[in-house]
Structures are given as C-alpha cells and as structure tokens.
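The values are calculated or read from the model by the stated rules, or taken from the named source; none is laboratory data. Keep in mind that what you see is a predicted model, and the values were worked out from it rather than measured. Cβ: placed from backbone, ideal geometry, glycine included. Neighbour counts: every protein chain shown. Please note that ligands, DNA and RNA were not included when accessible areas were found on the heavy atoms of the full protein model with its side chains. Shrake-Rupley method; radii C 1.70, N 1.55, O 1.52, S 1.80 Å.
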Amino acid sequence: MNTFFIVSVAVLGTASSLVAADEPLSFATDPDQILERTCFQTGGPWSEKSNLRSDVAIVYGIDAKLPDRIQTWRDHGYRIHVMTGVSWGNYQDYLYGRFDGINHEDEAQTLADGQKRSHGGDVYYMCPGTNYGKFLCVGVQRALDAGAEAIHLEEPEFWVNSGYSEGFKREWQSYYGEPWQAPHSSVDAQWRASKLKYFLYRRALQQVFDHVQAYNKSTGRHVRCYVPTHSLLNYAHWSIVSPESSLARLNGCDGYIAQVWTGTSRTPNVYRGKLKERTFETAFLEYGAMQNLVRVTGRTVWYLNDPIEDNPNYDWNDYQRNWESTLTASLLQPEVWQFEVAPWPERIFNGRYPRSVPREERKSIPFAYARELQTVMNALNDLKQDRVEWDCGTTGIGLLIGDSLMFQRGDPAPSDPHLSHVYGLALPLLKRGIPVAPVQLENVTVPHYLDSFKVLLLTYQGMKPLTAEVHTRIADWVRRGGRLIFCDDDSDPFNAVHDWWNSDGNKFSTPREHLFARLGFNEATAKSSAETSWKFGKGEVVWLRKNPAKLAASVEGADQVVAVVQSAAKSAKLKWRETSSLLLRRGPYVIAAGLDESIAGEPKVLHGRFVNLFDSELRVLDSVTIVPGSRYFLRDLDAAPVRKPQLLASACKALPVKPQDKSLSYLVEGVAQTPAVMLFRVSNAPHSVTLDGHPVDFSKQEGLLWIRFENEARPRTLTLKF
C-alpha cells in the first residue's frame, strides 16, 4: 500500500511536525485528527493522470463495481468518500422494475408535451416516489460496506417545466388531497407544483440520511452525508427546483458542496441595461449564497472549483481565464477553507479541446496551466487562516434571498428571465467594491444569523417568504438597529397565490403587508410616494416602490440603488467606501480582483514582495497593480516571520521528512507527466538538489530557491544538501 500522502496534516509552509526518514508514513491512529481540506470527484479507478493528491477522493457511482474502484484509491493512500446522483443516474434497475417488480417509467420527469426530461438516453430526471429513496439506500449501503467515510448525494433537481408525469400526479393527490392541476394553468398551480417538487426531493434525501444514521448507530461509525448542489441563484436562473436551505434542517445532513463553476457563473445577467457574462461577479454571489446556507448552523460547505467546465467546445485560454475568476471569487469568502479542487480530473489532464474543431486540431492541457493548477490546488490546503482583513468597499450589507426564487420561474407568469430582481440590487453594490452578501431568508430564524449585518435589502418580486416567522425575526433585527431597504412595487402576480399570508385568518393582499404590519407601518394612512421611510425601534425601514428588475435595465436604476443603500449605511453609522477592486488578506495570502464597469479612479497598487500563484513560473513581483479584470492569488513573501528553510508554494504534493545532518528532504508526488516547480525560502543556497539521488535543476535569488522537475504519480525523495 502506498502510504505517502496519507499524512495529510502537512500543509504548505506550515507543517507542524517532521517525520523521521526511517519511520513509516501512515494515517494518524485517530482519523478524525486529520483535516479534510481538499477533495476531488472521479468516476474511474486510480490513474496517473487523476492523481491530484488531495486529502479525499470522492468515488462516483453506487453500481456493483464501486468497491473495486474504491480499493484502487485506497491502495494509493486516499481517504474515501462516495458520490451519487439523486435526481438521475444509471438507475435502470429501478426504472424498469428489476428492483421491486414495479415499472417506474411513469416517475420520469415529464414536460407538458409528454416528453421525458433526459440526462442522456434513458437516464431520466426522476420524480422520486417513496420506493426511489429505498432504491438509493441499497446503493448507498454498498458504499457503506466498502468503508466510505462520507456519502455525497448530488444535485436533487426537479425542472420547473416538468410536473406532468403520472407519478407527479399521484404525488399531488397524496400531498394536497385533491386532483392534479397543470402547473402552467395558473400562478397558484405553478406555485403549488414547485412546493411539491421541493418536498419530494427533501423526502428522498431524508430517507437516505435516515438509512445512514441507522447504519452509524448499529456500527458505531460516523459516516457523514453531504449534498453537492448548485447555488440557489443558479437553480432559479436555470429554472430548477431543489430543496436548498431546507436540507440543513434535516436530521443527518452535515452540509453541502457548493457546485459553482464557470458553467453556472458565466450565465449572462443585466447590469445598467447591458446583458453579458459576468463570471467573477456571478460566482462571488453564488459562493456567497452557498456560504450563507450554513453560516452559524454548524453545517459545513465545501467550494467546488472546476479548471474547465461541462461544455467541451471552449479552448484552454477560456477555461483558464474563467477558472481564475471563479477560484478568486471562492477565496473571497473567508469563512470557507475546504475545497473540491476538481470534478473529473481525467477530463482535465486527459482531455483534448475544443471538441468543436476536428480531432487533429484539439489540444491537450498546456504544461503551464497544468503546473498552475497543481500549485493552486496544493495552496488551498493552507487557507484555514486566523488573520482575515478586507480592503474593499463598505462591509456589513446583505441581500435577502429565499428558496421560493425557484418557485416563480414557470408559466403563466415567470419572473424576470435574467433574475434581474436579484442582480438589479446586488450588482450596483458589488461593482463598487462592496462585498454584498446573499443572505438566506429561511435562516433568519437561526439565532445570531443577522448579527453581522447593518443594512439589508429585500424584495418580494420573484420570491415569497415561506413562513410568517421570518418577518418576526426581521422586525426584531430592525428594532435592534438594523436598516431594511424594501424594494418592490407590489406588481408580482404571485402575490395572489394561496398561502399563509392570505389564509388561516390572515387577510393580507401581499406578504409585504404582513411584514410592514410587524414593522409598525400603517397601510391605511400611508401616503403613496416613490420612496417612504420610517423609524422602528432603533432601526429604520425604507420602502422604494420600484421593481428591482426594472432598476437593472438602466444606469439611473443602478445609481438609485446605490444612493438609497448609501443613505441607509450612513444612518447605520457605517463608513461609506467605494472601490474598483476587492482585496482580502487570509494569513500570508492576498486575494484580489479588479472590477470592470466600476468607479473611475487610479487602480489599487500593492508594494512589497509577492508571488502570484496563478503564475506557473512563480516569479517574484515587487508591485502588483489591480486593474479591471485582473485576478490575483498572491503569496506575500513578507507577511510572516521568516522560518528557514520554508516551502512557500509547490506544483506537487510535498511531505517533509525529518532533516538529516546538513540536508532537508521531502517526498514529492503529482499528476504524471506534468511539470512541477517548488519555491522555498532559504538562508543559504544548497550545494546540490537531488530527486531519488539524481540531480535536478534549481535556481536561486535573494533568499529564494526554485526547483523544477517532472511530476510522477509515485512518491520520490527530494533532497537539498547544504
């Protein structure tokens, strides 16, 4: 068994202990003492081209060959998680009745014209009946028996334009106690269909969580359960319903993987009347939305980064540019330090792109990008840092978003196709360097959830509160001194759906009226004006009678959003600041993004000594200018006390072994046939550098040492002799 990288507590530049050269390298006796910081998912067995050397390999699929695939990764020293699709997969045994003797083809998600929603062939998106959850449990048990330490139940997705299958009709009758209604027949039917879809996948997941919890109880193990899922913003944008925030309340759910990547974040949106891709800004808001699913709940979120994307028709320059943008956006969420560094490494290091050109013109990953990727992937092990400092626009501002954003995306009156009721409020702030946070509406009932916010924006255009309790908590927050900006003109047709605000004794025309009643607003005596404000306790409420989707359509609309937020921030005694960049320090790392479509002025310039981890050569910079569109993941060479020698960055995994007399050794390993570079801080240049006893190239400059060699997918000993 290859035990090299099992000792995963060694972090770049921060290894807490060294291992004697004559001691075997192995797991700590207590596996819980080993941090899981990075992972990747793969559908195949171990291979030299997928050897990313993260702490965890997530093995995909729950078919009969799963134990064999798991063993290949375990033999190479990885901790093992297992992932499977929830809404689709190679589940033909269930579909055609081989599982339980019942044909379940009528549970495939179906469009109004009778077409089944397919992920390819007869791999259908499913409307999960109760037996479907039981089927998933059988496959998950196979993963448990094979020793998986965690189960990932991926992408519980129900398409908005489906809901016409016989299976869905049965579930409607059971859930509502009345005959099915075509979702497109009325806004009320669309709303109710989405609420049912939301419930069905929550039920299916709870079945699996319960199964794993029962297994844990009977065996004494602690197998965890995570849900890899797109952000609420993306699911709403793409017209998909998923349980999202409600999963964190289910017994046995340990958290999420935030499936945010170029493919989701390049979805165009509107700012100042212009529709275009804004990958960085969209990714920043998507990652922020996922972090706010778990903040103060005790759950965990991992951030996915994908060096390419699902669409195979882009070139490597496009993949690299957009990966740097999404990766930077993820690092600007300082509370998260666990990362899925790649899905499907085999398609990254074995793939040839773009697929839209003849085969002979397709290109493999450039060596420089392969080296850059591994440098960054290894640095991500070191992001759990105590020192966090922003250099950006005003902080403490949030935008409330709720799961019902997904409920208003279908006929007969879908919300804005570009989700401008969200981006129309968020982008005017973010483009001015204000790190506005998407705040999960359903989570405001969690104690202390709103404590870090001084100003909140809210609209019920395109979404509605699912419970009255959230209004009580928002009112309490305002009473204690919060500033609430409510932007809405009451024009949303979904205000009229049958729900809590107009039933069971409530007679409000809109949920806004219920909220405002809690905030001391008198509808009968209020004057109609474009903007109304009033004090409530120590706080204040501003009602901007505008549809935020319309504000997104013009320069004037964006400026109006900024003006009202600036006024509220000053009222809350926040120092107002606008910048053309976002910059965050996390320990010795500096993450920076220059913003286009931003304010005028001179760009931010950093002075000192830095290495940009996006630079495959790891060259030293004595100044960094953050211009529009620039992305930086910097190692500040002067940020921490000098510990010499010190490994600063590495395009391979490196595990130190106990130093011998006048020498220093590391075991190194990476993706086969890719170039490696290691950067050290040293007081004196070594007399020689050898790899498994053979000389390798190195260069030195001002107390820094670069070592270059070709990676192999096996541990080798790198020795520096002084």
Of the DSSP beta bridges with both residues in the stretch 198-340, give the percent that are antiparallel, rounding to the nearest 5. 25
Cross-link list 454/507; 464/538; 384/573; 49/653: which exceed 20 angstrom alpha carbon to alpha carbon? 454/507; 464/538; 384/573
List the residues, sorted by chain then number, that are 5 or more residues from residue 164 or on another chain and whose placed amide H is less than 5 Å from its amide H. 110
Cβ charges +1 (Lys, Arg) and -1 (Asp, Glu), total dipole of the stretch 331-381, debye: 340
If you count only protein heavy atoms with a 1.4 Å probe, what accessible area per residue comes out for the stretch 352-451, rounded to a whole Å²? 33
Only four residue types carry charge here, +1 at the Cβ of Lys and Arg and -1 at the Cβ of Asp and Glu. Report the dipole size of the stretch 229-288 about the Cα centre in Debye, rounded to the nearest 20. 320
Charge-dipole axis of the chain as Lys and Arg at +1 and Asp and Glu at -1 on Cβ define it, positive-most pick from 704, 99, 194: 704
Per-residue [θ]222 nm for the chain (sum of -39500 (n - 2.57) over DSSP H runs n ≥ 4, rounded to 500): -8000 deg cm²/dmol
Rg and Dmax of the stretch 545-649, Cα atoms, in Å? 18.7, 62
The stretch 431-492 to the stretch 217-278: how many Å between their Cα centroids? 20
In whole Hz, with x marking every Gly and Pro, tabulate ³J(HN,Hα) for the stretch 545-558 from phi via Karplus 6.51 cos²θ - 1.76 cosθ + 1.60, θ = phi - 60°. 7, 9, 7, x, 5, 6, 5, 5, 7, 8, 5, 5, x, 5
Using a 1.4 Å probe, what is the accessible area per residue for the stretch 154-251, in Å²? 33
With contacts defined as alpha carbon pairs under 8 Å and 6 or more residues apart, what's the relative contact order of the chain in percent? 12
Quick one: which residues, 5 or more positions from residue 104 or on another chain, have an amide H under 5 Å from its amide H? H modelled 1.01 Å from N in the peptide plane, none for Pro or chain starts. 96, 97
May I ask you to derive the relative contact order of the stretch 530-653, considering only C-alpha pairs under 8 Å and at least 6 residues apart, and to give it as an integer percent? 18
Neighbour cut-off at most 16 other Cβ (10 Å), DSSP loop, trypsin sites (Lys or Arg not before Pro), the stretch 66-120: 98
Under the rule of at least 5 residues apart or a separate chain, name every residue whose amide H is placed under 5 Å from the amide H of residue 227. 153, 255, 256, 257
Over the stretch 142-272, consider all pairs of different Cα atoms and compute the Kirkwood hydrodynamic radius from their mean reciprocal separation; express it in Å, one decimal. 16.5
Under 17 Å Cα-Cα from residue 116, which aspartates and glutamates qualify once same-chain neighbours fewer than 8 residues away are excluded? 105, 106, 107, 157, 166
Under the Karplus relation with 6.51, -1.76 and 1.60 and θ = phi - 60°, whole-Hz ³J(HN,Hα) for the stretch 518-528, x at Gly and Pro, equal 6, 9, x, 8, 9, 4, 5, 9, 5, 7, 7
Any chance you could tell me what percent of the C-alpha pair distances in the stretch 499-557 go past 13 Å? 70
Residue by residue through the stretch 99-116, what is 3J(HN,Hα) from phi via Karplus (6.51 cos²θ - 1.76 cosθ + 1.60, θ = phi - 60°)? Round to whole Hz and write x for glycine and proline. 7, 10, x, 10, 6, 10, 4, 7, 9, 5, 4, 10, 7, 4, 8, x, 6, 7
Expressed as a percent, the portion of alpha-carbon pairs in the stretch 401-468 spaced more than 16 Å apart is 53
Relative contact order (%) - the stretch 66-213, alpha-carbon pairs under 8 angstrom, separation at least six: 28
In the chain the accessible area split gives carbon plus sulfur, as whole percent at 1.4 Å, a share of 49
How many angstrom lie between the C-alpha centres of the stretch 126-179 and the stretch 301-352? 29
Based on the inverse mean of 1/r over its pairs of different Cα atoms, what is the Kirkwood hydrodynamic radius of the chain, in Å? 27.1
Computed D for the stretch 595-675, Stokes-Einstein, Kirkwood radius over alpha-carbon pairs, 4 °C, 1.567 mPa s, to the nearest µm² per second, is 83
Toy charge model, Lys and Arg Cβ at +1, Asp and Glu Cβ at -1: the chain dipole around Cα centroid in debye, rounded to 20, equals 1560
Bridge type composition, the chain - antiparallel percent by DSSP, nearest 5: 60
